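Trainee: Structure incoming, see below.
The values are calculated or read from the model by the stated rules, or taken from the named source; none is laboratory data. Not measured: the values here are computed from a predicted model. Note that each Cβ is placed from the backbone with ideal geometry, even for glycine, and that neighbours are counted across all protein chains shown.
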Amino acid sequence: MTQTMQLGKVADQSFVGRVRTTLARRTEGRGVALLTVILIGVAFFEPLVFTAYQVSLGRIALIGIVALGLTAVILMGELDLSVASTLALSGVVMALIPDIWVGILAALATGLVVGLINAFFVAVVGINSFIATLGSLFALRGIAFVLSDEAPVSLENKDAGIAFGMPLVGPITPRIIFFILVFIAIQLFVSRVRSGREFFAVGGNRQAAYDAGIPVKRRIFTGFMISGFVSALAGVINTLERTTADPTAGSTVLLASFAAAIIGGNYLKGGRGSIVGTLIGAASLGILQVALTLSGVQVPIQQIFIGGILLLAVTTDPANLRAVLGSVKSLRVGRAKPQVPGSGS
Amino acid sequence: MVKETLTEQIALSEVEAKSEKQQPKQARWLTWAAENGIFVFTAILVVFAVVFIDGFASLINIADVLHRAAPLGIVAVGMTFVVISGNYLDLSVVAQIATSAVIFVAVSNEYNIPIAMLAALVAALFYGVVNGVAVGYFKANAVIVTLSTTYIGLGLLRFFSGGSIFFGPPDGPIATFGSSKIGPVPYSAIVLVIMAILLQVLLTRTNFGFLVRSFGVNENATRLGGSNTGLVIIGAFVVTAVAAMIAGFVMAAFSNTAVSNDGLGYEFRALAAIIVGGTSVFGGRGSVLRTLLGVIFVSVLTNILVLSGIGFGYQQVALGLLIVLAVSIDALARKVSQR
């Protein structure tokens, strides 16, 4: 009798336990929660968003494509603040070159070179990536200003741009196709390719990854080049759709793409996160933006919303919440008994 | 390691600094450049400007340089606290400067100057506490936290001000303060010097300053030493916010106007000044007076570029390269000294 009960209990526990471990392993929890809240809110207040799903999809792709590249860097515990400037610079480079294909190639090459330079300063020189990419954020924007003479550059081949902006099948524009392709490529890279999976190891514990024989520096180079390339791709798409390249482009993308990646559960110190999470984050932000625009909310208020969500996302990370609980506890225990984490080393 | 007390940690870092004398030549050169390069570079830059740049040494130009250096310097000496505490930087000074300038001019038009200052102070304290709580207690990344508060703050400001420009009364006390000077030295530069001295004393002579520095050296040791590290971080962000507020006052007085994009670019130039001055982005090392020297360097460099007719784009490139170069020297010096 007792045995069967125990057995049943054990089996039940193991099932709950299994569900729990699966849930604990996923990092998208907050993203899913936000998306649910936003979807319910939108269904109540602005159901137009669902009928105008073409607009929503376009907006999600706009935010998401940069965020996807960013995720590759964040997984390694680094940050690439220069994505917005890379987007602007590659657009300007592309618009300045008369031949459209050469222009696109040059723009994508620009992205790769930017990634290479960023990675050099982070991996070889050893500068913190926040500072290194902050420097390149401003330097690249400066170069974009210099190249464009501080004015928007219009594309030589306007017809190609207009053709690019047209939907192919139903509401699917080429931008959305590119977004899906980038998503699949990066998702496959970090989950199926060995060097991509090693990104998690590099982010989780860099010393351990190095000791295990993972070429850490080369992975950092790969990560920054992915993020540079993807933001250059976003710049190319932007330039094609608008048929002009604006050297100030991308300043709103910076905030939104970071917010998407962080809401998606990508831990800023690296090692935890997922590309799917970024997709969920981008989806919730995109839908929110479209809903706010459709209900006639002014741009400043939209900024407040997205800034607030980013602040909420970055402070409600499980690790951060644990830190808060710890400091609250130590406040209650008092100064006399500081907690000693571990005893060795 | 855990048993080491705070004083031992700091003593250790001093021993490390002393043992640098027995290093190879290259390492010694790099550490020297990271520590003292700014004195030489500033001197060279000023001499270069005086000799080669037409119109640099004129009284009008010097007054202009000081006028432009003052708000930048006031922001930078405040932000030095955040950088020394090892939290990289406070991007939200952009929003803080603009908020303070707009509140200052708009409220003083409506009521009077003391009430305007009080209102701006409330806003500044709010910024400092929000940033500080998120970074100090929630242990969130300072760059992302201040990026989001920048957008929240600018959004609020643009919504309430409607993006319009606020003008002060043409002969009011604000305008008088902004245009008055002693010789070539504008009042705003005097405010900068007073701020720098006060903050240097706060950093080097008070318990709070000691905790900010020790937090930058070793966060765990500071906490185990029994101090409330969260409060220290809030303090560092509040100092930055109050400095940015005063910079906003000075900027509003200079032009007698205020608009919601007043602070654009200041976060970046202030960081450049702090890092070029020799304050380490890795935390723990640096001083307010060094930042002052960095401010002189950045202002003179910008002035040279402007006088030579070099455009905004190139100035951004130059400042970006300057930051990366200065941090590279710091990082390389750390690397070789750890070998």
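Trainee: Here are A:Gly326, A:Gly308: which of them is in a helix (DSSP H, G or I), within 29 Å of A:Thr27 (Cα to Cα), at the interface with chain B (Cβ under 7 Å from one of its Cβ atoms) and modelled with pLDDT of 70 or more?
Mentor: Answer to the selection: A:Gly308.
Trainee: While we're here: Restrict the check to region B:213-225 and report whether at least one residue is within 15 Å of the chain's Cα centre (by Cα), of a type in the set (Phe, Trp, Tyr) and buried (at least 19 other Cβ atoms within 10 Å of the Cβ).
Mentor: No: region B:213-225 contains no residue that is within 15 Å of the chain's Cα centre (by Cα), of a type in the set (Phe, Trp, Tyr) and buried (at least 19 other Cβ atoms within 10 Å of the Cβ).
Trainee: What is the one condition in (1) within 12 Å of chain A (Cβ to nearest Cβ); (2) touching a strand residue (DSSP E or B) at 6+ places or on another chain (Cβ under 7 Å) that B:Gly283 does not satisfy?
Mentor: Single failed check for B:Gly283: (2).
Trainee: Filter region B:259-280 for residues that are at the interface with chain A (Cβ under 10 Å from one of its Cβ atoms) and either crowded, with 24+ Cβ neighbours inside 10 Å or at pLDDT 85 or above (or both) and give the result.
Mentor: Once the filter is applied, which keeps residues that are at the interface with chain A (Cβ under 10 Å from one of its Cβ atoms) and either crowded, with 24+ Cβ neighbours inside 10 Å or at pLDDT 85 or above (or both), region B:259-280 yields B:Ser260, B:Glu267, B:Phe268, B:Arg269, B:Leu271, B:Ala272, B:Ile275.
Trainee: Just one of B:Ala49, B:Ala43 is buried (at least 18 other Cβ atoms within 10 Å of the Cβ) and part of a helix (DSSP H, G or I); which is it?
Mentor: It is B:Ala49.
Trainee: Condition first: of a type outside the set (S, T, N, Q), out of contact with any helix residue (DSSP H, G or I) (no Cβ under 6 Å at 6 or more places or on another chain), touching a residue at least 12 places away in the same chain (Cβ under 8 Å) and outside any helix (DSSP H, G or I). Now tell me which residues in region B:268-320 satisfy that.
Mentor: Passing the criteria: B:Phe282, B:Arg285.
Trainee: Moving on to the next point. Taking only region B:134-151 into account, find how many residues are more than 22 Å from A:Glu78 (Cβ to Cβ) and surrounded by fewer than 24 Cβ atoms within 10 Å (Cβ to Cβ).
Mentor: Total meeting the criteria: 1.
Trainee: Answer with yes or no whether A:Leu68 is in a helix (DSSP H, G or I) and either crowded, with 24+ Cβ neighbours inside 10 Å or touching a strand residue (DSSP E or B) at 6+ places or on another chain (Cβ under 9 Å) (or both).
Mentor: yes
Trainee: What helices (runs of 4 or more DSSP H) lie completely within region B:141-243 and have 1 or more residues being within 21 Å of B:Leu292 (Cα to Cα) and within 14 Å of chain A (Cβ to nearest Cβ)?
Mentor: Counting at least 1 such residues, we get B:207-217.
Trainee: Hey, another quick one. Is region A:247-266 home to any residue that is over 16 Å from the mean Cα position of the chain (by Cα), within 14 Å of chain B (Cβ to nearest Cβ) and at pLDDT below 85?
Mentor: yes
Trainee: Additional query: Find the residue count for region A:244-267, including only residues that are more than 19 Å from A:Ala88 (Cβ to Cβ) and surrounded by fewer than 24 Cβ atoms within 10 Å (Cβ to Cβ).
Mentor: Residues flagged as more than 19 Å from A:Ala88 (Cβ to Cβ) and surrounded by fewer than 24 Cβ atoms within 10 Å (Cβ to Cβ) within region A:244-267 amount to 1.
Trainee: Working only within region A:135-147, note down all residues that are more than 7 Å from chain B (Cβ to nearest Cβ) and surrounded by 20 or more Cβ atoms within 10 Å (Cβ to Cβ).
Mentor: Hits for region A:135-147 are A:Leu137, A:Leu140, A:Ala144.
Trainee: With the checklist (1) closer than 24 Å to A:Gln54 by Cα; (2) more than 14 Å from every other protein chain (Cβ to nearest Cβ); (3) in a helix (DSSP H, G or I) in hand, flag the one item A:Phe229 doesn't pass.
Mentor: (1)
Trainee: Among the residues of region B:286-339 satisfying the criterion of being farther than 30 Å from B:Thr204 by Cα and more than 14 Å from chain A (Cβ to nearest Cβ), which is nearest to the chain's Cα centre (by Cα)?
Mentor: Step by step, filter region B:286-339, then rank; the result is B:Asn303.
Trainee: Report yes if A:Gly270 is within 14 Å of chain B (Cβ to nearest Cβ) and surrounded by fewer than 24 Cβ atoms within 10 Å (Cβ to Cβ), otherwise no.
Mentor: The answer is yes for A:Gly270.
Trainee: Given (1) out of contact with any Phe, Trp or Tyr (no Cβ under 6 Å at 6 or more places or on another chain); (2) at the interface with another protein chain (Cβ under 10 Å from one of its Cβ atoms); (3) surrounded by 24 or more Cβ atoms within 10 Å (Cβ to Cβ); (4) not basic (Lys, Arg), where does B:Ser100 come up short, assuming only one miss?
Mentor: Every listed condition holds for B:Ser100 apart from (2).
Trainee: Could I ask something else about it? Output the residues belonging to region A:277-305 that are buried (at least 19 other Cβ atoms within 10 Å of the Cβ), away from chain B (no Cβ under 14 Å) and out of contact with any Phe, Trp or Tyr (no Cβ under 7 Å at 6 or more places or on another chain).
Mentor: Answer for region A:277-305, where residues must be buried (at least 19 other Cβ atoms within 10 Å of the Cβ), away from chain B (no Cβ under 14 Å) and out of contact with any Phe, Trp or Tyr (no Cβ under 7 Å at 6 or more places or on another chain): A:Gly277, A:Thr278, A:Ile280, A:Ala282, A:Ala283, A:Ser284, A:Gly286, A:Ile287, A:Val290, A:Ala291.
Trainee: Considering only region A:150-162, how many residues are of a type in the set (A, V, I, L, M) and not in a helix (DSSP H, G or I)?
Mentor: Counting residues in region A:150-162 that are of a type in the set (A, V, I, L, M) and not in a helix (DSSP H, G or I) gives 3.
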